[in-house]
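The values are calculated or read from the model by the stated rules, or taken from the named source; none is laboratory data. Since the model is a prediction, treat every value here as computed from it, not as a measurement. Using ideal geometry, Cβ is built from the backbone for each residue, glycine included, and neighbour counts are taken over all protein chains shown.
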Amino acid sequence: MVEKTGRRVVDGRRRDLFRLVSEARRISLAYLFDPFLAVQTSTLRTLPHQIDAVYNKMLPRQPLRFLLADDPGAGKTIMGGLFCKELMIRGDVERCLIIAPGSLVEQWQDELWQNMPRLFEDFVTVALREALVPAYGGRVDDQDQNHFDEAGQVRLRPDIVWKIRGSAVAVIDAKYKAEKPAGYPNADLYQLLAHCTVLGLRSGHLVYAQGNEKPVRHVVRRSGIEIFSHAVDLDQDPDVLISHMRDLAQTIASTRLTALVSPTVFEGV
């Protein structure tokens, strides 16, 4: 909507989408401030010759006409992945076709798959932060540092923790996987149960990237802790996806309020 003054006004119904798009735009320009952004946002340990090949030899050549050849074990897969990621960050590439020898296909798939959970977790974190904080207050932290045991020997890091006045009120784990044919994976329930127990919460949420399962609620026996599992369809249109995440945030907020007064029910897992 545009006022007579010429100033653009964002309609309230699309505010969350606007904020998410703005954040995506800000991230897309991050390479202007950090020339090694792909390295900084990766969990890889790169070597000097790999950085030199990608940033000093390959990226400056536009259009790229480059044959990357090196000894076995020199990290050509890492160099190729960094190059593709850097081009995507800079907006030069939207889709990338990788043609690999048959013996290396699984290696490429495994290494690319390792990065997808973090991307999905980042999306869920941003989407829930933009939906929860303006409407209900507090802050949304990712990878919140905790310990499983009293001695502090076992670290525990939930994916997403929503806090109000410094205290955790909701915990969410994002899983880049589909639910199995018989339902959601049980191991994820056990992990989230540990998060809820350590944080002193009566409820927690699992968010999956794929699947057709309807939301499922489990009440853990002899504890009364409620665990909710949700599946998000990433193939939806952006407007529909953001609306889905907004509905999910509302569900998380409502379960936070009801969990404080709900009676203990022994059923489920």
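Can you pull out the helices (runs of 4 or more DSSP H) entirely within region 45-163 that have at least 1 residues that are polar (S, T, N, Q) and buried (at least 18 other Cβ atoms within 10 Å of the Cβ)?
Once the helices (runs of 4 or more DSSP H) in region 45-163 are filtered for at least 1 residues that are polar (S, T, N, Q) and buried (at least 18 other Cβ atoms within 10 Å of the Cβ), what remains is 48-51, 105-136.
What pairs come out if I take residues in region 240-251 that are at pLDDT 90 or above and pair them with residues that are surrounded by 14 or more Cβ atoms within 10 Å (Cβ to Cβ) and of a type in the set (Phe, Trp, Tyr) whose C-beta lies under 8 Å away, six or more apart or interchain?
Thr251/Phe228
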